[in-house]
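Below: one structure, written as structure tokens.
The values are calculated or read from the model by the stated rules, or taken from the named source; none is laboratory data. These numbers come from a predicted model, not from an experiment. Note: ideal-geometry Cβ built from the backbone for every residue, glycine included; neighbour counts use all protein chains shown.
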Amino acid sequence: MIKNFHSPEDEVLGTLDRIDFVVVSVPFVEPFGTSVASWAVKEALLLRLEQDGFVGWGECVADPDPYYDGETTTTARHLIRDFLLKELEPGRTLGEALGRFRKVRGNPMAKATVENALLDLMARRRGIPLHELLGYEARPVPSGISIGIQESTGALLAKVEEAVDQGYHRVKMKIMRGKDVAWVAAVRERFPDIALMADANGDYTLEDAGHLKGLDAFGLTMIEQPLGYHDIYQHSLLQPQLKTALCLDESIHSLDDAAAALGLGACRVINIKQGRVGGLLESIRIARHCQERGVPVWSGGMDETGLGRAVNIHLQTVDNFSIPGDTSETRRYFREDIADPPVVLGPGGFIAIPPGPGTGVTLDPGRLERYTLHRERVR
Ligand code: OSB
Ligand code: MG
């Protein structure tokens, strides 16, 4: 924590001169699949806020479909345009404005988009990096890779080998019914010492507890979201039956959810996707709550473009982000991304914080134009 820092929540909002939505569709190098769905392109809603010649951007983590979470790029655009932007009255502090978002039920991804863009704008106005605006010192960020569902164990092993050779600090493999215990066993046999974890994206039920116990043999750092995508209670019944730590992803939308999960003993780790929990400030509150209870957190990813990826990197300067997250190199996802600089693994497999004010990334106008599906000027 930086000493004597001035909380962005106390900053008074001015008039936004211009507000735009840009929906982009950027092709992935290869499709990314979970137990639920597979995505061949990254479609993302971007929010652009302009004030006094400064520009702040926010990337919404919602997909165009409701296959990870109920929010979509379209519902987020509706919520932002028709309900959230009007709370940004000049003269209110950021904290007050975000407090007003509370009356809009749910929709944390839409809320995070606005918050992210405002914080980027504020940091750029002050000429400081986003992590400094949040109150945290720069530090190298550990890397982690999330490998989607593969066609065969051979294909999976090739992907894991590539990740290990590149120096990733931990490997996450997606699992699903029919591609689980034997697949984890195959990876563990070939790579006995790597930090390895499995993410089921909610593919199992409590009745599978006996089967999931089979994963205890492989020294996984954790199993992510084995049960229902909104569930906390059943995870609290599963956790005591397993040696391996459970980690919740989809079930955590707020500090209240995180507190319920810890209170019930539903998990021993939390994956914080800042977009899924309503933004960076709520993420920090969750990280603190977990830290006070000895529970580590890590930063998840939503296959973001370079913009959202940079936000996740800044977030990982916050205390208690003590486990490598899902932050991997840009070139895994995109042949051509809309933002510069790309994320690359530096010495020791660490990732540097993009230098400069705000998120530290800039959007390339030509590439942004090329991948734009839709533009809407709100003001
Ligand atoms: O469950 O963490 C997940 C991607 C899309 C939707 C859900 C998830 C993921 C990932 C990829 O695991 C994380 C990333 O590489 O950004
Ligand atoms: Mg997950």
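A few comments on the model shown:
- Filtering the stretch 217-264 to residues that are over 20 Å from the mean Cα position of the chain (by Cα), more than 16 Å from ligand 2 (Cβ to nearest atom) and either not in a helix (DSSP H, G or I) or not assigned by TED's automatic domain parsing to the domain that holds C290 (or both) leaves G219, L242, K243.
Per-residue answers, yes or no, for (1) among the polar types (S, T, N, Q); (2) at pLDDT 95 or above; (3) touching a Phe, Trp or Tyr at 6+ places or on another chain (Cβ under 7 Å); (4) more than 13 Å from ligand 1 (Cβ to nearest atom):
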residue	(1), (2), (3), (4)
I286	no, yes, no, yes
E292	no, yes, no, yes
G306	no, yes, no, no
T317	yes, yes, yes, yes
R331	no, yes, no, no
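- Test result for G219, free of Cβ contacts under 8 Å to residues at least 12 places away in the same chain and small (G, A, S): no
- The number of residues in the stretch 327-373 that are of a type in the set (V, I, T) and more than 26 Å from L133 (Cα to Cα) comes to 1.
- Residues of the stretch 44-52 include none that is loosely packed, with under 15 Cβ neighbours inside 10 Å and either in a strand (DSSP E or B) or within 12 Å of ligand 1 (Cβ to nearest atom) (or both).
- Residue check, V22 within 16 Å of ligand 2 (Cβ to nearest atom) and within 21 Å of L119 (Cβ to Cβ): no
- Residues in the stretch 342-379 that are touching a residue at least 12 places away in the same chain (Cβ under 8 Å), more than 29 Å from L84 (Cβ to Cβ) and out of contact with any Pro (no Cβ under 6 Å at 6 or more places or on another chain): P342, V344, L345, G346, G348, G349, I351, A352, P355.
- Qualifying residue in the stretch 289-296 (condition: more than 16 Å from ligand 2 (Cβ to nearest atom), crowded, with 24+ Cβ neighbours inside 10 Å and part of a loop (DSSP other than H, G, I, E, B)): no
- Single unsatisfied condition, A352 versus (1) in contact with a strand residue (DSSP E or B) (Cβ under 7 Å, 6 or more places away or on another chain); (2) over 23 Å from M173 (Cα atoms): (1)
- On inspection, I338 qualifies as more than 16 Å from ligand 2 (Cβ to nearest atom) and over 23 Å from V171 (Cα atoms).
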